[in-house]
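Novice: For reference, the structure I am asking about is given below.
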Amino acid sequence: MKIEYYIVLSIALFCIGIVGVLARRNAIIIFMCIELMLNAVNLLLVAFSKMHHAAKGAEVATAGVDGQLFVFFIMVVAAAEVSVGLAIIVMMYRNVHSVDVNFLNRLKH
Amino acid sequence: MSITQVLFFFLSALALGSAVMVVISRNPVHSVLWLIITFFAISGHYFMLNAQFIAIVNIIVYAGAIMVLFLFVIMLMNLNAETEPQKNKWMKLAGVVSGGCLLLVMVAALKEAEVKGQTTEMVTGNIGLIKNLGQALFTQYVVPFEISSVLFLSAMVGTVLIGKKDAKEQN
């Protein structure tokens, strides 16, 4: 499979995530769109790792392992981020009884 | 058209379609379910690239743990009713237009890319197997691995601190 297909697919998934962050107001949906963007990046990293292995695998047997380990670390960071972020959203819901991000404009005044 | 290509386009269409549904569904619970389908499609891509460890971890961590956490929070807050107030139409349009512009610019930048024309290994190659990844993880990348355990510990402590009620409220 050509690498361009994977790049275009990842860009499309990433842009759908960006549109979700910009167009929705529900904090939880915005959070899910951030997860979508992280997954687009993960897919691209794995595709590049396999591309690198196809090009250099004959000389270096472990060429491309780094890319897949980076995906692993991105997943670790994403799991930590989700746990803290959802705790913040629960806290926000407890205080303002809404998850609408437009209510969080007190820094403006 | 080989079976690999058919599977690739099927999984891509599934991932893109359900990603669009995540953004446009009104009900947050439906958004979570569509996002799970997206994650399964991306895991299918990993299987096709023979990155088996990443594929399994993606299903277990994302589709399993993280999405269940999202569902718990949504149901805890009783958000499954369609409570989101209507946003200004122009703001929505501006979001879609700016996202589309980014898509256009990045795809256009691909025209001059250095990697153009290279191919990925599809169902062969053994770097994605647990044996090879584990060897690299516990020799070359052992320090980041241990640091990530500290990160998890601090995230856990932070979550408990944020999530618990104030001492004043409890009295």
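Novice: Would you mind checking the pairs A:LYS2/B:LYS92; A:LYS2/B:LYS131; A:LYS2/A:LYS50 and listing those with alpha carbons more than 23 angstrom apart? Intermediate values should be presented prior to the final figure.
Specialist: Numbers: A:LYS2/B:LYS92 34 Å; A:LYS2/B:LYS131 27 Å; A:LYS2/A:LYS50 11 Å.
In this structure, A:LYS2/B:LYS92; A:LYS2/B:LYS131 lie more than 23 Å apart at Cα.
Novice: Quick one, can you get me the convex hull of the C-alpha atoms of chain B expressed as volume per residue in Å³?
Specialist: Working: hull volume 34.1 nm³, N = 171.
Each residue corresponds to 199 Å³ of Cα convex hull volume.
Novice: Tally Lys and Arg at +1 and Asp and Glu at -1 over the other residues with C-beta under 15 Å from the C-beta of A:ILE3: what net charge comes out?
Specialist: +1
Novice: Treating only the Cβ of Lys, Arg, Asp and Glu as charged (+1, +1, -1, -1), what charge dipole size does the protein assembly as shown show about its Cα centre? Round to the nearest 20 debye. Write out the running numbers ahead of the final one.
Specialist: Working: 18 positive and 14 negative charges, 148 e Å.
Its charge dipole is roughly 720 debye.
Novice: Moving on to the next point. Local charge sum around B:ALA109 (other residues, Cβ-Cβ under 14 Å, Lys/Arg +1, Asp/Glu -1)? The partial results should precede the final answer.
Specialist: Numbers: positive: B:LYS111, B:LYS116; negative: A:GLU4, B:GLU112, B:GLU114.
Neighbourhood net charge equals -1.
Novice: Here's something else I'd like to know. Rounded to the nearest 20 debye, what is the charge dipole size of chain B about its Cα centre when +1 sits on each Lys and Arg Cβ and -1 on each Asp and Glu Cβ?
Specialist: Working: 10 positive and 8 negative charges, 70 e Å.
Once rounded to the nearest 20, the dipole reads 340 debye.
Novice: How about B:LYS89: which aspartates and glutamates have a C-alpha closer than 17 Å to its C-alpha, ignoring those fewer than 8 places off in the same chain?
Specialist: Candidates past the 8-residue exclusion: A:ASP100.
Novice: Would you mind checking the tilt of helix A:27-56 against the longest principal axis of the Cα atoms of chain A, expressed as 0 to 90 degrees and rounded to 10?
Specialist: The angle comes out near 10 degrees.
Novice: Kindly rank A:73-81, B:6-14, B:39-47 from highest to lowest mean number of other beta carbons found within 10 Å of each residue. Kindly include the intermediate steps, with their values, before the conclusion.
Specialist: Details: A:73-81: 17.7, B:6-14: 15.7, B:39-47: 22.8.
In decreasing order of mean packing, A:73-81, B:6-14, B:39-47 become B:39-47, A:73-81, B:6-14.
Novice: From the helices alone, meaning DSSP H stretches of at least four residues, give me the mean residue ellipticity at 222 nm for chain A, per-run term -39500 (n - 2.57), in deg cm²/dmol to the nearest 500.
Specialist: On the way: 3 runs with 83 residues, N = 109.
-27500 deg cm²/dmol, from helical runs alone.
Novice: Count charges around B:LEU137 for me, please; just the other residues with Cβ under 14 Å from its Cβ, Lys/Arg as +1, Asp/Glu as -1.
Specialist: Details: positive: B:LYS131; negative: A:ASP66, B:GLU146.
Its environment carries a net charge of -1.
Novice: Where in chain B are the DSSP H helices whose C-alpha atoms run 15 Å or more along the long axis and whose mean Kyte hydropathy is at least -1.0? Display every interim value, and only then the final one.
Specialist: On the way: long enough: B:3-24 (31 Å, 2.30); B:28-48 (30 Å, 1.37); B:89-109 (30 Å, 1.57); B:142-163 (32 Å, 1.90).
Correct list, ordered by number: B:3-24, B:28-48, B:89-109, B:142-163.
Novice: Contour minus end-to-end for B:VAL29 and B:LEU104, with contour as 0.36 nm per residue of separation and end-to-end as the Cα-Cα distance?
Specialist: Numbers: separation 75, 0.36 × 75 = 27.00 nm, distance 3.09 nm.
Extending this stretch completely gives an extra 23.9 nm.
Novice: Any idea how far apart B:LYS111 and B:PHE9 come out in nm if each label point goes 7 Å out from Cα toward Cβ?
Specialist: With each label point 7 Å from Cα toward Cβ, the separation is 2.4 nm.
Novice: A further question follows. How far is the Cα center of the stretch B:123-150 from the Cα center of the stretch A:1-41, in Å?
Specialist: 26 Å
Computed from the coordinates by the stated procedures, all read-outs in this text should not be read as laboratory data. Please read all numbers here as calculations on a predicted model, not as lab measurements. Cβ: placed from backbone, ideal geometry, glycine included. Neighbour counts: every protein chain shown.
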